[in-house]
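Colleague: What follows is a structure written as structure tokens; I'll ask about it next.
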Amino acid sequence: MKRIVFRWIALGSLLAALLASAAARTRPRYGGTLRIESRSDPLKPPDGIAHRLIFDTLTQENGIGQVTPGLAASWDWGPPYHRWEFHLRPGVRFHDGSPLTAEAVAMSLAQSCGACGWRVRAVGDSVIITSESPMPNLDAELARSEYAITRKDDEGKPDGTGPFRFAAESDGMLLLRANDDSWQGRPFVDAVEIYGDRSVRAQWLDFTVGKADLVEVPPELLHAAQQDHMPLVQSDWPPHLLALTVSDQRLPDVHLRESIALAVDRTALFSVIFQKQGEMTGSLLPNELSAYSFLFPTLGNLQRARELRGGQSPPLRLGVDTANPTLKLVAERLALNLRDAGWSVQVVALAANPHTDLTLTLVSLDAARAAPALREMIGTFGGTFTAETTGPDPASLYRAEKAFLHSYTVVPLLYLPRAWGMSSRVHNLALAPDGTPILANASLEDAR
């Protein structure tokens, strides 16, 4: 009996040692440099990784659309939402050491929203925003990276309040250093190196040999990456809208624009080119946000497209970023669809032909709640959001979106996910709702 007891004691001690060792390996460590590669400009919102690391917003949104405090510790408003007051978090400083003031916040917001119709003013430690039109979703609106509190220092370098500060930029590499005085707490990693304008092939080669910790995985390659057991982190919902815009100046007849919309075969794009990643959509919003996107049809109608064309076939030019081989392939496929409906279509490079009849575009969705997201997308495509007084009511948002899409100047095609290949030495990496990496709590296993 004693022998059995001793064995259980030894086994328990061994198990405790193993658990302690595992905990030590996974416990966040300070130090190290995180290396990221991307195709986009790291300082350009909304996709720019560095923009969210250097700058903060007054409010923040979590993955389920809840608005939480950011640089604003609290806020209040008065019905019917014409006036909001945001109370700044005390003790926050810019990277150059100067205090965050209501005047600096008001100046930044006024610059980023020149056409919003807002009146922004500083009163003590608060920022007051008023408008003649109701603003029922302003707290969520201000969580978008477009409204980050930005400024430049005396040398013209980006100067924010975020967890990382600008250190240097050279030879395509942007270097950020940890902000020791961040109001959110000091990040675990000491530095972040971001290499922009890198092709996917170059990113994956560097990832394979250990020269990169975080690389992009485009939606068309996501299935292949999963099959190859690549360590991945992916956005909770697809934040990138692939859409076809139709010029109402070059095609003023709405029936012709509707013919183009009905000729599109989304199923082939979704199944063949993007390997069933993301979702087909006839809506400006993913269904995860609106819960009504399924009401917009996604199936084409070739016969009806031919009828609406009515024998007319003005030659069309479809503009696309030919530097992106996947978008070029999508454009060629859309051209085949339109030719099947009797249209004469030529695919051209946007760089050389900025004014085309049709344009294939990829738009990043920044907002994480339905009403601000719809306002963002309609504004992106040159429209006016007409449901401001309705709040987040899905039925009213649906009617507003349906009225906008009925002009057939925008044909939503697919919502695509955002994913990253992540090195095994990276721990506690989170993604913003739009798929942008959040590095404030990320750490490196071999930090030293």
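Colleague: Within segment 49-72, restricting attention to residues that are among the small types (Gly, Ala, Ser) and surrounded by 15 or more Cβ atoms within 10 Å (Cβ to Cβ), which residue is modelled with the lowest pLDDT?
Modeller: Gly65
Colleague: Out of the residues in segment 420-443 that are aliphatic (A, V, I, L, M) and outside any loop (DSSP other than H, G, I, E, B), state the one that is surrounded by the most Cβ atoms within 10 Å (Cβ to Cβ).
Modeller: Here the answer is Val426.
Colleague: Before we move on, is Asp96 touching a residue at least 40 places away in the same chain (Cβ under 8 Å) and closer than 24 Å to Val192 by Cβ?
Modeller: So Asp96 fits the description; yes.
Colleague: What's the total number of residues in segment 135-157 that are charged (D, E, K, R) and in a helix (DSSP H, G or I)?
Modeller: Qualifying residue count for the region: 3.
Colleague: Condition check: surrounded by fewer than 19 Cβ atoms within 10 Å (Cβ to Cβ), under 30 Å from Ala225 (Cβ atoms) and not basic (Lys, Arg). Does Val264 satisfy that?
Modeller: no
Colleague: Given the conditions (1) among the basic types (Lys, Arg); (2) part of a helix (DSSP H, G or I); (3) touching a His at 6+ places or on another chain (Cβ under 9 Å), which single one is not true for Arg257?
Modeller: Unmet for Arg257, out of (1) among the basic types (Lys, Arg); (2) part of a helix (DSSP H, G or I); (3) touching a His at 6+ places or on another chain (Cβ under 9 Å): (3).
Colleague: Now for a separate question. In segment 378-392, is there at least one residue being within 30 Å of Gly319 (Cβ to Cβ) and open to solvent by less than 10 Å² (accessible area, probe 1.4 Å)?
Modeller: yes
Colleague: Only one of Ala331, Ala403 is closer than 30 Å to Pro42 by Cβ, modelled with pLDDT of 90 or more, among the small types (Gly, Ala, Ser) and part of a helix (DSSP H, G or I); which?
Modeller: It is Ala331.
Colleague: Against the condition at pLDDT 95 or above and either open to solvent by less than 70 Å² (accessible area, probe 1.4 Å) or charged (D, E, K, R) (or both), how does Glu307 come out, does it pass?
Modeller: Yes; evaluated as a whole, the condition is true for this residue.
Colleague: Would you confirm whether or not segment 346-364 contains a residue that is touching a residue at least 40 places away in the same chain (Cβ under 8 Å) and in a helix (DSSP H, G or I)?
Modeller: No, segment 346-364 contains no residue that is touching a residue at least 40 places away in the same chain (Cβ under 8 Å) and in a helix (DSSP H, G or I).
Colleague: How many residues are without any contact (Cβ under 8 Å) to a residue 40 or more places away in the chain and not β-branched (Val, Ile, Thr) when one looks only at segment 187-237?
Modeller: Matching residues across segment 187-237 total 7.
Colleague: Can you name the condition, by its number, that Gly160 falls short on among (1) in contact with a Ser or Thr (Cβ under 8 Å, 6 or more places away or on another chain); (2) under 19 Å from Ala373 (Cβ atoms); (3) in a loop (DSSP other than H, G, I, E, B); (4) not basic (Lys, Arg)?
Modeller: (2)
Matching residues to (1) modelled with pLDDT of 95 or more; (2) among the charged types (D, E, K, R); (3) surrounded by fewer than 16 Cβ atoms within 10 Å (Cβ to Cβ):
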| site | (1), (2), (3) |
| --- | --- |
| His95 | yes, no, no |
| Pro99 | yes, no, yes |
| Ser126 | yes, no, no |
| Glu132 | no, yes, yes |
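Colleague: Now for a separate question. Given the condition closer than 24 Å to Thr384 by Cα, small (Gly, Ala, Ser), in contact with a Phe, Trp or Tyr (Cβ under 6 Å, 6 or more places away or on another chain) and not in a strand (DSSP E or B), answer yes or no: does some residue in segment 101-119 qualify?
Modeller: Within segment 101-119, one or more residues are closer than 24 Å to Thr384 by Cα, small (Gly, Ala, Ser), in contact with a Phe, Trp or Tyr (Cβ under 6 Å, 6 or more places away or on another chain) and not in a strand (DSSP E or B).
Colleague: May I ask you to list the residues in segment 328-346 that are surrounded by fewer than 21 Cβ atoms within 10 Å (Cβ to Cβ) and touching a Ser or Thr at 6+ places or on another chain (Cβ under 9 Å)?
Modeller: Lys328, Gly342, Ser344
Colleague: For segment 193-249, which positions are out of contact with any Ser or Thr (no Cβ under 7 Å at 6 or more places or on another chain), assigned to a loop (DSSP other than H, G, I, E, B) and open to solvent by 20 Å² or more (accessible area, probe 1.4 Å)?
Modeller: Answer for segment 193-249, where residues must be out of contact with any Ser or Thr (no Cβ under 7 Å at 6 or more places or on another chain), assigned to a loop (DSSP other than H, G, I, E, B) and open to solvent by 20 Å² or more (accessible area, probe 1.4 Å): Asp197, Ser199, Val209, Gly210, Lys211, Asp228, His229, Met230, Asp236, Ser247, Gln249.
Colleague: Scanning segment 101-124 for residues that are at pLDDT 95 or above and among the polar types (S, T, N, Q), which turns out most open to solvent (accessible area, probe 1.4 Å)?
Modeller: Filtering first and then ranking leaves Thr101.
Colleague: Still on this structure, I have one more. Which one of Phe274, Phe270 is within 30 Å of Gly342 (Cβ to Cβ), open to solvent by less than 40 Å² (accessible area, probe 1.4 Å) and out of contact with any helix residue (DSSP H, G or I) (no Cβ under 7 Å at 6 or more places or on another chain)?
Modeller: None of the other options fit; the residue is Phe270.
The values are calculated or read from the model by the stated rules, or taken from the named source; none is laboratory data. This is a predicted model, so every value here is computed, not measured. Cβ sites come from the backbone with ideal geometry, for glycine too, and all protein chains shown count toward neighbours. The accessibility values were calculated without ligands, DNA or RNA, using every heavy atom of the protein model including side chains. Shrake-Rupley method; radii C 1.70, N 1.55, O 1.52, S 1.80 Å.
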